[in-house]
Each structure stands twice: as C-alpha cells, then as structure tokens.
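Take a look at the following structure, please.
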Ligand code: TIU
C-alpha cells in the first residue's frame, strides 16, 4: 500500500478513497477590509500560503482525486447566524454589515468569494458553511458518503479555528485526517504550531500532519 511520509507515523494512503478539503480560502480572511482584518488580524500571513495551497490542489486534480472547497458564510437574511456569533469579539465590522468588499461573510458577496488563484473548477463541490466546522448545517457529510471518501487531506485557514474544528468533526465520524502543514495558516504563529502538535500527539489522536511535497509524493 502507498504511504505518505507523515507525523507522528506514516499515513497509509488508500487510492480512490481520499479527498482534499480546502477550508475557507476566502477574500474575507485574506484581504484587508474583510472579516479577518475586522477582528484585528494581520492578513498577510494568510496570503503567504496561497502558492502552496494551489500546488496541493493541482496535485489532487492531476491524481484525479476530489477537491472540495468550503466557504464560511451566511444567508443574506442572517437566518443562519446566531446573535452570539454576530456579536462575538466586538469586530469593527460585524458579519452581515457592509464593508469594502460587500456584506461581510454573506453568500454571494465579493469578499466572501474564494481567492481567484484557488477558484473551484466546474464540478468541484463547494460547501457554504455557517459554522466553523464544515459538517454543521451542510451537506458535507452526505457528499463524502456519496463519493465513497474515507480519508481527508486538509488545507486552508485558519489552522486552529475552521481547519481544526472540521478535522475534529471528521475524526469523530471515522475519517482518517491529514493536515498539510505548509498549506494551512493561522493569524497567530504560536497557535498554528500548537494546533499541529495537538493534532498529531498521543499517536495521531486527531490525525496526521505532512508537508505538501510529502502528500504529493505519496499520492503520485
Ligand atoms: N477568526 C479565525 O481565526 N477564523 C475564522 O473566523 N474562520 C475560519 O477559520 N475560517
């Protein structure tokens, strides 16, 4: 069986049952004037990983493995936005407010879009998710079952929020999860380091980590 050189030990790759999940590579998290910046974050850390995420996506497409994209966003009537989420953190612009890139984190708005360089291809699944995790209030779980997927490679932002939440949800649902460590980023370097360590601790309690090159070598 093919293997991906990973931590804390090799990840046994089962061809045909693996998908890439690219979490929330949206303008709202990566560009000035978006949601991430409204929370006081330096968004330049996020844009730095775009070439690596692109390489990973292209590797999965070349291997004819599914690429699934998620977007954190809400309905325009805010019916899927709990007040507790809208008010959290006292942001300078709240979810649903009008900012420089349209209404913040609202489906269909310019700022909510996935970055042009990482745009989904026609036919690729795009999950619009109101939560930090991708399973809550979405078709993600059913889509994975329909595709026959058992193993998930994760990329995207932010490592300790939407990526780790989705990875933990997937791990509890029986998926083997691997995080591409150079294709994910946090606004806080120390949180990324800690998230990677806690994912692979205790014998891969949540999952594995590997570099993008290690993943691509393993699935080639
Ligand atoms: N603020 C932060 O670190 N992340 C989010 O709000 N959403 C995602 O991680 N996508």
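The values are calculated or read from the model by the stated rules, or taken from the named source; none is laboratory data. As the structure is a prediction and not an experimental result, all values here were calculated from the model. Every residue, glycine as well, gets a Cβ built from its backbone with ideal geometry; the counts of neighbours run over all protein chains shown.
With respect to residue 56, is the statement that it is surrounded by fewer than 22 Cβ atoms within 10 Å (Cβ to Cβ) and in contact with a helix residue (DSSP H, G or I) (Cβ under 7 Å, 6 or more places away or on another chain) true? If you could, list the steps in order and put the result at the bottom.
Details: surrounded by fewer than 22 Cβ atoms within 10 Å (Cβ to Cβ): no; in contact with a helix residue (DSSP H, G or I) (Cβ under 7 Å, 6 or more places away or on another chain): yes.
Spelling it out, it is not the case that residue 56 is surrounded by fewer than 22 Cβ atoms within 10 Å (Cβ to Cβ) and in contact with a helix residue (DSSP H, G or I) (Cβ under 7 Å, 6 or more places away or on another chain).
Determine whether residue 177 is within 23 Å of residue 15 (Cβ to Cβ) and within 14 Å of the chain's Cα centre (by Cα).
When the stated conditions are applied, residue 177 passes them.
Could you tell me whether any residue of segment 12-31 is under 30 Å from residue 103 (Cβ atoms) and surrounded by fewer than 24 Cβ atoms within 10 Å (Cβ to Cβ)?
yes
Can you give me the number of residues within segment 37-64 that are assigned to a helix (DSSP H, G or I), within 16 Å of the ligand (Cβ to nearest atom), modelled with pLDDT of 95 or more and in contact with a strand residue (DSSP E or B) (Cβ under 8 Å, 6 or more places away or on another chain)?
Adding up the residues that qualify gives 3.
Hey, among the residues in segment 18-31 that are in a loop (DSSP other than H, G, I, E, B) and closer than 23 Å to residue 61 by Cα, which one's farthest from the chain's Cα centre (by Cα)?
To start, the set of residues in segment 18-31 that are in a loop (DSSP other than H, G, I, E, B) comprises 24-25, 31.
If we keep only those that are closer than 23 Å to residue 61 by Cα as well, we get 24-25.
Details: 24: 5, 25: 7 Å.
Across segment 18-31, the extreme among qualifying residues is 25.
If you go through segment 70-92, how many residues are crowded, with 20+ Cβ neighbours inside 10 Å and touching a helix residue (DSSP H, G or I) at 6+ places or on another chain (Cβ under 8 Å)?
Looking only at segment 70-92, we keep the residues that are crowded, with 20+ Cβ neighbours inside 10 Å, and these are 70-74.
Pick out the ones that are also touching a helix residue (DSSP H, G or I) at 6+ places or on another chain (Cβ under 8 Å) and you get 70-73.
Counting residues in segment 70-92 that are crowded, with 20+ Cβ neighbours inside 10 Å and touching a helix residue (DSSP H, G or I) at 6+ places or on another chain (Cβ under 8 Å) gives 4.
Any chance you could count how many residues in segment 83-109 are on the phi > 0 side of the Ramachandran plot and in a loop (DSSP other than H, G, I, E, B)?
The number of residues fulfilling the criteria is 5.
Could you check residue 153 against (1) touching a strand residue (DSSP E or B) at 6+ places or on another chain (Cβ under 9 Å); (2) farther than 25 Å from residue 41 by Cβ; (3) in a helix (DSSP H, G or I) and say which number it fails?
Of everything listed in (1) touching a strand residue (DSSP E or B) at 6+ places or on another chain (Cβ under 9 Å); (2) farther than 25 Å from residue 41 by Cβ; (3) in a helix (DSSP H, G or I), residue 153 misses just condition (3).
Another question, if that's okay. Among the residues of segment 171-195, which ones are surrounded by 17 or more Cβ atoms within 10 Å (Cβ to Cβ), out of contact with any helix residue (DSSP H, G or I) (no Cβ under 7 Å at 6 or more places or on another chain) and free of Cβ contacts under 8 Å to residues at least 40 places away in the same chain?
Within segment 171-195, 171, 175 qualify.
Quick one: in segment 206-220, of everything that is assigned to a loop (DSSP other than H, G, I, E, B) and without any contact (Cβ under 8 Å) to a residue 60 or more places away in the chain, which residue is nearest to residue 64 (Cα to Cα)? Reasoning before the result, please.
The first filter runs over segment 206-220 and keeps only residues assigned to a loop (DSSP other than H, G, I, E, B), leaving 206-207, 211, 220.
If we keep only those that are without any contact (Cβ under 8 Å) to a residue 60 or more places away in the chain as well, we get 206-207, 211.
Values: 206: 26, 207: 23, 211: 20 Å.
Looking at the filtered set, the residue picked out is 211.
Follow-up. Report yes if some residue within segment 137-151 is at pLDDT 95 or above, within 16 Å of the ligand (Cβ to nearest atom) and exposed (fewer than 15 other Cβ atoms within 10 Å of the Cβ); otherwise report no.
If we filter segment 137-151 for residues that are at pLDDT 95 or above, which is where we start, we get 137-151.
Among the residues that remain, those that are also within 16 Å of the ligand (Cβ to nearest atom) are: 137-138, 140.
Filter once more, keeping what is exposed (fewer than 15 other Cβ atoms within 10 Å of the Cβ): 137.
Among the residues of segment 137-151, at least one is at pLDDT 95 or above, within 16 Å of the ligand (Cβ to nearest atom) and exposed (fewer than 15 other Cβ atoms within 10 Å of the Cβ), which makes the answer yes.
Which residues, counting only those in segment 18-36, are in contact with a strand residue (DSSP E or B) (Cβ under 6 Å, 6 or more places away or on another chain), within 12 Å of the ligand (Cβ to nearest atom) and over 30 Å from residue 145 (Cβ atoms)?
If the condition is that a residue be in contact with a strand residue (DSSP E or B) (Cβ under 6 Å, 6 or more places away or on another chain), within 12 Å of the ligand (Cβ to nearest atom) and over 30 Å from residue 145 (Cβ atoms), then no residue fits.
Still on this structure, I have one more. Could we say that residue 15 is more than 16 Å from the ligand (Cβ to nearest atom) and in a loop (DSSP other than H, G, I, E, B) here?
Taking the combined requirement at face value, the residue satisfies it.
What do you reckon, is residue 203 at positive phi, touching a residue at least 12 places away in the same chain (Cβ under 8 Å) and either away from the ligand (no atom under 16 Å from the Cβ) or touching a strand residue (DSSP E or B) at 6+ places or on another chain (Cβ under 7 Å) (or both)?
The answer is yes for residue 203.
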